[in-house]
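Colleague: Could you have a look at this structure, given as C-alpha cells, before my questions?
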Amino acid sequence: MFNNKKFNFFVKVKKKVKFILYLTSLFIFITYFSLPKLFNYSLQSIKENLKINNNISINSITKVDYRIFPSPRLRISNSDFTIGKNNIEVNDSEVEIILNIRHILKFKDINYKKLLINKGSVKIDLNNINQVLNIIINNNKKLIFKKNNLIFFIKDQTLFEINETLIKINRNKKDSFLIVNG
C-alpha cells in the first residue's frame with residue numbers, strides 16, 4: 001500500500017524547498033531594489049533628462065539620495081529650477097524622481113515615470129499664460145506639485161497666492177489634463 005514514512009519525508013522536503021525558494025526570491029528582490037543605492041548618479045544626466053522630458057532647467061542640485069520606499073526614487077533636496085523659459089519658477093522644493101522599475105539598473109540614462117515636487121514656492125507668470133499652457137500640453141512625463149505655495153504674478157506684482165496646493169499634470173497620448181486642489 002502506501003508508505004506513510006516516505007510521504008512525510010517528501011512533504012518535509014517540499015516545505016524546505018518552498019522556504020528556500022521564498023528566501024532566494026526575497027534576496028533577489030531586495031538586491032534588485034537596493035543595488036541602485038550604490039550607484040553614483042550623474043548630476044548632468046539628471047539635468048538633461050529633466051530638460052528633455054519636462055522642460056525643467058535645474059539651477060542647483062546639492063544632494064541626490066536614492067530611496068527604496070514607497071517606490072524606487074531619486075530625491076533632490078532644496079532645489080531651485082524653472083520650467084520653460086522662466087514662465088514657472090520653483091524655489092526651495094524637494095523633487096522626487098519616481099524611477100521606472102524596468103530600467104532601474106540603468107543609472108547613466110535615468111528613465112522615470114513621474115516627478116513629485118513637494119513643499120516649494122511656485123511662481124507663475126501670467127504675462128506668458130500661452131507659454132505656460134504649452135508647457136502643460138508638451139509635458140512628456142507626469143508632474144505632481146504637492147503642498148506647494150502657488151503664486152500668480154503679472155509684471156513682478158503678486159496677483160494672488162494659493163497655499164498647500166495639489167496640482168497634477170498628466171500627459172498621455174490622447175490628451176493633457178490639469179487638476180488643481182487648494
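What follows draws every value from the coordinates through simple rules; no lab data is involved. Note that the structure is a prediction, hence the values are computed from the model and not measured. All Cβ positions, glycine included, derive from the backbone under ideal geometry; neighbour counts span all protein chains shown.
Colleague: Extending each Cα 7 Å along its Cβ direction at L133 and S45, get the distance between those two points in nm, one decimal.
Modeller: Distance between the two pseudo-spin positions: 3.8 nm.
Colleague: Just how many pairs of Lys in the range 65-156 have C-alpha atoms closer than 17 Å, counting pairs that are eight or more places apart or on different chains?
Modeller: 15
Colleague: Taking θ = phi - 60°, what integer Hz values does the Karplus form 6.51 cos²θ - 1.76 cosθ + 1.60 yield along the range 45-53, in sequence order, with x for Gly and Pro?
Modeller: Residue by residue, the range 45-53 yields 5, 4, 4, 5, 5, 5, 5, 5, 7 Hz.
Colleague: Quick one: if you stick a label point 7 Å off each Cα along the C-beta vector at K113 and I52, how many nm between them?
Modeller: If labels sit at K113 and I52, their model points lie 2.1 nm apart.
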